[in-house]
Amino acid sequence: MKKSKQFWPFIVVAVLVYAVVQFLISAEIINQFYSNTLILIAINIILAVSLHLVIGITGQFSIGHAGFLAVGAYISAIVTMKLHLPFVVAIIIGGIVAALAGLIVGIPSLRLKGDYLAIATLGFAEIIRIVFLNIDAVGGAAGMQVSHLTTWTYAFVCLVITLVVIVNFTNSRHGLAAISVRENEIASDAMGINTTYYKVIAFAIGSFFAGVAGALFSHNFYIIQPSQFGFLKSFDILIFVVLGGLGSLSGAVLSAILLTVVSTYLQGYPETRMIIYSLVLILVMLYRPKGLMGTMEITDYFKLWRTPKGGGQHGK
Amino acid sequence: MENKPLLEVKNTGIQFGGLKAVQNLNMVLNQGELVGLIGPNGAGKTTSFNLLTGVYVPTEGDIIFNGERVNGLPPFKVTRKGISRTFQNIRLFNDLSVLENVKVAYHSLAKHNILSSVLRLPSHFKGEQEMEEKSIEFLKIFSLDKYKDELAKNLPYGQQRRLEIARALATGPKLLLLDEPAAGMNPQETKDLMDLIAFIRNKFDLTILLIEHDMNLVMGVCERIYVLDHGQLLAEGSPEEIRNHPKVIEAYLGEEVHDVNA
């Protein structure tokens, strides 16, 4: 089928990338700093892509993604540190609990539209953060100690699974239904599509992967604190999606890579860091107002090269 | 079956706060009929459509479709029962291709679930292929297949209207509601539209209710006409009866002033 034409090259590239990086890490050609940056890139891509499903595909403007990141981070930390279960189990439980949180938040708030939904999700994310801030069992404001368990392998496998699930969802009748909600909710409803269902499902899937990213995130830094999951974190994720181009998955991936690299290298210049970072954002938005990729996907460019006439979109 | 009406609207109305937008609406549509709904601006025509399709829940009365009560159902369920509609302001999925616009309509007819799509199980490929084939077949009927990869927003206006009707029909309705299908069309496009309406009616064994301001079109194709004014049914009858109905003339042209020449 059409899909498998892209699927196998993707898997081959993924395995190659993984093997090369893993070789570089185990041969100690790249040091801890770089391998950590690579893990951070993987986590940020997962976050960007999971929010892309909610904002870019389903068109629901949620700006509380850090809340689900926090749920995944704390729940998975509890699973490994208090219950002493394996890390894999922690990742899965972190994702599931975040998805449940997504359902609880999504079912009432997805009735709202546009700005109102944004405010509601922002509020929910703050509630989640404050709940963790006030639970002494997870350390309160001082934070919680977590062992360093995240490796390149865990991060990369989670990243690949995230991409496969979200791409496969998008390129199916379900993804098309979600896109139709974004395009015109009233018409979508009139076409017999249960718009609430698809909004909630997209929100839950997005939250699930945010939770997975949270599990990777918390086991990468030795300590987690509620202050890491404030609304600035939500905006960081939102910026990945908007800068990449709303509706473009490869755009979200690219901008997550770009911005993670920029902000990591700028850590050497703490005085000017935020100024330069903001300038990058302003420049990109000035010269590419539709985002890095617009609504195109990387695969569309390949198609354009092959058939000069152009053709379908959504990279099937 | 012959004598049982397809759609029965019984004393239906809706009130927004103190405003009675539509009240005491009574309509009967039999299988296969082509009925017009006319009235001055603000008479409540589109509101009536919104009542029939579940966008608004009537505050009084009942809507019986195919022997089932459909008032109170959400719009997507009404569509699945077999009432489909187009919109006064075209509501296509602008950034989707023509083919995808029609595919969306086939959504609820396909059965493969999210898990089988995510895992790319055989049922996913089968379902998707079926949707694609049916959609292309469907576009051919409307001679839109040559535009299938074009974005909907790039189509000429007349073709967009055509696509909207095609998309509404792809959901497999028994009753089609057309909200001002000829709005903004030139006379040639209107004529093509009239042919199209006649064609789909025979082809899909449809019952059609249409709102229209273009009297040529209404009088030309409708077998029966309902006239609404100020949210109430003013008259009902054949085009000939409606044309000469004193109340209708009054609503459209204003009251005759008798004593001017006296």
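Beyond 26 Å in Cα-Cα separation lie the following of the pairs B:Lys174/B:Lys247; B:Lys45/B:Lys103; A:Lys113/B:Lys174; B:Lys4/B:Lys203; B:Lys81/B:Lys203; A:Lys199/B:Lys81: B:Lys174/B:Lys247; B:Lys45/B:Lys103; A:Lys113/B:Lys174.
The calculated FRET efficiency for the pair A:Phe7 and B:Lys4, based on their C-beta separation and a Förster distance of 51 Å, comes to about 0.50. The base-10 log of I(q)/I(0) for the stretch B:33-157, evaluated at q = 0.20 Å⁻¹, reads -1.20 [Debye formula, identical scatterers on Cα atoms, solvent excluded]. Using a Gaussian network model of chain B in which every pair of alpha carbons under 10 angstrom is joined by a spring, one finds that among B:Gly36, B:Gly17, B:Gly54 the greatest mean-square fluctuation is at B:Gly17.
The GNM of chain B, with springs linking C-alpha atoms under 10 angstrom apart, assigns the highest mean-square fluctuation among B:Thr86, B:Thr47, B:Thr171 to B:Thr47. Taking A:Ile107, A:Ile166, A:Ile201 in turn, the Gaussian network model of chain A (Cα-Cα springs below 10 Å) assigns the largest fluctuation to A:Ile107.
Ratio to report: Rg/Rh of chain B, with Cα atoms as the point set and Rh obtained by the Kirkwood method; give two decimals. The Rg/Rh ratio comes out at 1.02. Sorted largest first by accessible area at a 1.4 angstrom probe radius, with every protein chain in place, the residues B:Glu130, B:Glu100 fall in the order B:Glu130, B:Glu100.
Taken over the protein assembly as shown, the percentage of Cα pairs per 10 Å bin, counting from 0 up to the bin with the maximum distance, is 3, 15, 23, 21, 15, 11, 7, 3, 1, 0, 0.
For the stretch B:163-196 and the stretch B:87-133, what is the separation of their C-alpha centers, rounded to whole Å? So the two Cα centres are separated by 22 Å.
Counting every Cα pair in the stretch A:171-258, what percent are over 24 Å apart? Roughly 34 percent, rounded to a whole number. When you work out D = kT/(6 pi eta Rh) for the stretch A:18-176 at 37 °C and 0.692 mPa s, using the Kirkwood radius from C-alpha pairs as Rh and the Stokes-Einstein form, the result is 190 µm²/s.
What does the convex hull of the alpha-carbon atoms of the stretch B:155-262 project to on average, in nm²? The partial results should precede the final answer.
Details: hull surface 35.1 nm².
Average projection, Cα convex hull of the stretch B:155-262: 8.8 nm².
For the stretch A:245-298, the C-alpha radius of gyration sits at 1.21 times the compact-globule guess of 2.2 N^0.38 Å, with N the residue count. What the Cβ-Cβ distance of B:Ile141 and B:Asp95 gives, at R0 = 35 Å and to the nearest 0.05, is a FRET efficiency of 0.90. Rolling a 1.4 angstrom probe over the protein assembly as shown with all protein chains present gives an accessible area of which 61% lies on carbon and sulfur atoms.
Dipole orientation for the stretch B:109-262: of the candidates B:Leu217, B:Val118, B:Ala251, B:Val118 has the Cα lying most toward the positive pole (charges on Cβ; Lys, Arg +1; Asp, Glu -1). Under the convention that each Lys and Arg Cβ holds +1 and each Asp and Glu Cβ holds -1, the size of the dipole of chain A around its Cα centre is about 860 debye.
Once Rh is set to the Kirkwood radius over Cα pairs, what Stokes-Einstein translational diffusion coefficient, in µm²/s, holds for the stretch A:2-313 at a temperature of 25 °C and a viscosity of 0.890 mPa s? Answer, rounded: 123 µm²/s.
The values are calculated or read from the model by the stated rules, or taken from the named source; none is laboratory data. Remember, predicted model here, so these are calculated numbers, not experimental data. Positions of Cβ are generated from backbone atoms using ideal geometry, with glycine treated the same way; all protein chains shown enter the neighbour counts. These area figures cover heavy atoms from the full protein model, side chains too; ligands, DNA and RNA do not enter into them. Shrake-Rupley method; radii C 1.70, N 1.55, O 1.52, S 1.80 Å.
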